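S.K.: I have a structure I would like to understand better, so I am pasting it below and will then ask my questions one at a time.
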Amino acid sequence: QVQLVESGGGLVQPGGSLRLSCAASGIIFSIYIMGWYRQAPGKQRELVAQITSGGSTDYSDSVKGRFTISRDNAKNTVYLQMNSLKPEDTGVYYCNAKFGSGSYWGQGTQVTVSS
């Protein structure tokens, strides 16, 4: 079955960095659009960044210039490098794999930005 397993979350001070990873299994990873979403307490889940099978990337305005999404098709893994973190980046970060009508989610990893 399809599994997306996120890792790398944690507590970090404002201005710090974290790198999230999402390891996928059960799918042909290279053909999927991979995305990172986040959900803050009391808010809807929102798209943070995504990367296509061809490597094109897109970011929400709130993270442009600070976050970088990348993928390693040989390792079936997508990454989110997060720099210059702000308290408003706090939330549960979810990995998503999308192809056609199929969409899969990971269980999420908590990111807390606080001093």
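The values are calculated or read from the model by the stated rules, or taken from the named source; none is laboratory data. Quick caveat: nothing in here was measured; it's all calculated off a predicted structure. FYI the Cβ positions are ideal-geometry reconstructions off the backbone, even for glycines, and counts take in every protein chain you see. These area figures cover heavy atoms from the full protein model, side chains too; ligands, DNA and RNA do not enter into them. Shrake-Rupley method; radii C 1.70, N 1.55, O 1.52, S 1.80 Å.
S.K.: Every residue in the stretch 46-88 that is open to solvent by 60 Å² or more (accessible area, probe 1.4 Å), over 22 Å from S115 (Cβ atoms), among the charged types (D, E, K, R) and not in a loop (DSSP other than H, G, I, E, B), please.
M.R.: Answer for the stretch 46-88, where residues must be open to solvent by 60 Å² or more (accessible area, probe 1.4 Å), over 22 Å from S115 (Cβ atoms), among the charged types (D, E, K, R) and not in a loop (DSSP other than H, G, I, E, B): E46, D58.
S.K.: Out of the stretch 1-17, which residues are open to solvent by 70 Å² or more (accessible area, probe 1.4 Å), in a strand (DSSP E or B) and farther than 18 Å from Y104 by Cα?
M.R.: The first filter runs over the stretch 1-17 and keeps only residues open to solvent by 70 Å² or more (accessible area, probe 1.4 Å), leaving 1, 3, 5, 11, 13.
Still in the running and in a strand (DSSP E or B): 3, 5, 11.
Within the stretch 1-17, just L11 meets the criteria.
S.K.: Looking at the stretch 23-37, can you tell me whether even one residue there is among the polar types (S, T, N, Q) and open to solvent by 40 Å² or more (accessible area, probe 1.4 Å)?
M.R.: So the first thing to find is which residues in the stretch 23-37 are among the polar types (S, T, N, Q), and the list is 25, 30.
Next, from what is left, pick out any that are open to solvent by 40 Å² or more (accessible area, probe 1.4 Å): 25, 30.
Within the stretch 23-37 (the criterion being among the polar types (S, T, N, Q) and open to solvent by 40 Å² or more (accessible area, probe 1.4 Å)), the answer is yes, since at least one residue qualifies.
S.K.: Does D61 fit the bill of being closer than 16 Å to E6 by Cα and among the acidic types (D, E)? Break it down stepwise before answering.
M.R.: Details: closer than 16 Å to E6 by Cα: no; among the acidic types (D, E): yes.
Here the answer is no, as D61 does not meet what is asked.
S.K.: Taking the criterion of being over 27 Å from S101 (Cβ atoms), touching a Ser or Thr at 6+ places or on another chain (Cβ under 7 Å) and touching a residue at least 12 places away in the same chain (Cβ under 8 Å), would at least one residue in the stretch 52-64 satisfy it? Let's see the steps before the verdict.
M.R.: Residues of the stretch 52-64 over 27 Å from S101 (Cβ atoms): 61-64.
Subset that is touching a Ser or Thr at 6+ places or on another chain (Cβ under 7 Å): none.
Scanning the stretch 52-64 turns up no residue that is over 27 Å from S101 (Cβ atoms), touching a Ser or Thr at 6+ places or on another chain (Cβ under 7 Å) and touching a residue at least 12 places away in the same chain (Cβ under 8 Å).
S.K.: Which members of the stretch 89-110 meet the condition of being surrounded by fewer than 17 Cβ atoms within 10 Å (Cβ to Cβ) and either part of a strand (DSSP E or B) or in contact (Cβ under 8 Å) with a residue 60 or more places away in the chain (or both)?
M.R.: Filtering the stretch 89-110 for residues surrounded by fewer than 17 Cβ atoms within 10 Å (Cβ to Cβ) gives 98-103, 105, 107, 110.
Within the stretch 89-110, K98, F99, G102, S103, W105, Q107, Q110 qualify.
S.K.: Please work out which one of (1) touching a Ser or Thr at 6+ places or on another chain (Cβ under 8 Å); (2) of a type in the set (S, T, N, Q); (3) touching a residue at least 60 places away in the same chain (Cβ under 8 Å) is the condition S30 fails and give its number.
M.R.: Result: S30 fails condition (3) only.
S.K.: Now a separate question. Look at L20 and say whether it is within 22 Å of V113 (Cβ to Cβ), in a strand (DSSP E or B) and either of a type in the set (A, V, I, L, M, F, W, C) or free of Cβ contacts under 8 Å to residues at least 24 places away in the same chain (or both).
M.R.: The answer is yes for L20.
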